[in-house]
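In what follows, a single structure is set out as structure tokens and then discussed.
Laboratory data are not the source of any read-out in this text; all were calculated from the coordinates shown. The shown structure was predicted, so the numbers you read here are calculated from the model rather than taken from an experiment. Here Cβ is always computed from backbone atoms with ideal geometry, including for glycine, and neighbour counts include all displayed protein chains.
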Amino acid sequence: MDKEEAKRTGKQSKESRGGMRQQVSGSPLSSRLVTEKVMRDVHRVMQGREFQSIEEANAFLARLAGPGLKEALKKVPSLSPQQEAQELAYRAMEAPTHTRALTLAQQARAKDPDCVDALVTLAAASARSVEDLIAGLEKAVEVGERSLGAKCFEENKAISGACSKRGLTCALGSNWPTYCWTPGA
């Protein structure tokens, strides 16, 4: 299928469907996901710790450099099903093929049916038309809004900065230009 036919029919070729080819290692998306994973891991390691000073906290963070974070993660509680689902969803977003992305996203949904990143990935990887993509993203938005609740939206006028809400932000912000948030609003 050529580009003109794709534009006219609203269908996408397997290679372009959902933009998965743009999500290979080394891409900006890959870089953001790595940063997010590291931030989540640091959060897990620091959770429940109380520091007497900023210097103590910084010294602790400095010990996490290099192999320190990997070692520290061995001492924290195992991941919850929701966290496991999120890890699978991140792997799905970086998968080199649609088949692998679909498999990982489906595994994520099995662990947490409300995993928005898995839903966004499923929408992108399985859509056969623009309409399919929109329907899948609408489902992701619905699930994200339901799981976060109205109170979250009242308290956080700009949700794009919170890692726990990134999947919904992705479904709304980057895919639906009609949803716009002003950072800090």
message: Quick check: net charge around Glu71, other residues with Cβ under 12 Å of its Cβ, Lys/Arg +1 and Asp/Glu -1?
response: +3
- prompt: Going down the table (Lys37/Lys111; Lys111/Lys139; Lys74/Lys139; Lys70/Lys151), which pairs top 27 Å between alpha carbons?
  reply: Lys74/Lys139; Lys70/Lys151
field: Table column - 3J(HN,Hα) (Hz), the stretch 132-143, Karplus curve with 6.51, -1.76, 1.60, x for Gly and Pro
entry: 4, 4, 4, 4, x, 5, 4, 5, 4, 5, 4, 5
message: Could you sort the peptides 71-81, 34-44 by per-residue average Cβ neighbour count (10 Å cutoff), highest mean leading?
response: 34-44, 71-81
query: Taking the highest mean first, how do the peptides 92-104, 54-66 order by number of other beta carbon atoms within 10 angstrom per residue?
result: 92-104, 54-66
task: Please give the contour-minus-distance gain from Arg128 to Arg146: 0.36 nm per residue of separation, less the Cα-Cα distance, rounded to one decimal in nm.
output: 3.8 nm
- prompt: Simple spin-label model, 7 Å along Cα-to-Cβ: Gln52 to Thr97 in nm?
  reply: 5.7
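For Cys115, Cys152, what's the fewest-to-most ordering of other Cβ within 10 Å of each Cβ?
Numbers: Cys115 29, Cys152 16.
Listing Cys115, Cys152 from fewest to most nearby Cβ atoms yields Cys152, Cys115.
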message: Using a 7 Å offset from Cα along Cα-Cβ at Lys139, what residues in the stretch 88-104 end up with backbone N under 17 Å from the label point?
response: 89, 93, 99, 101-104
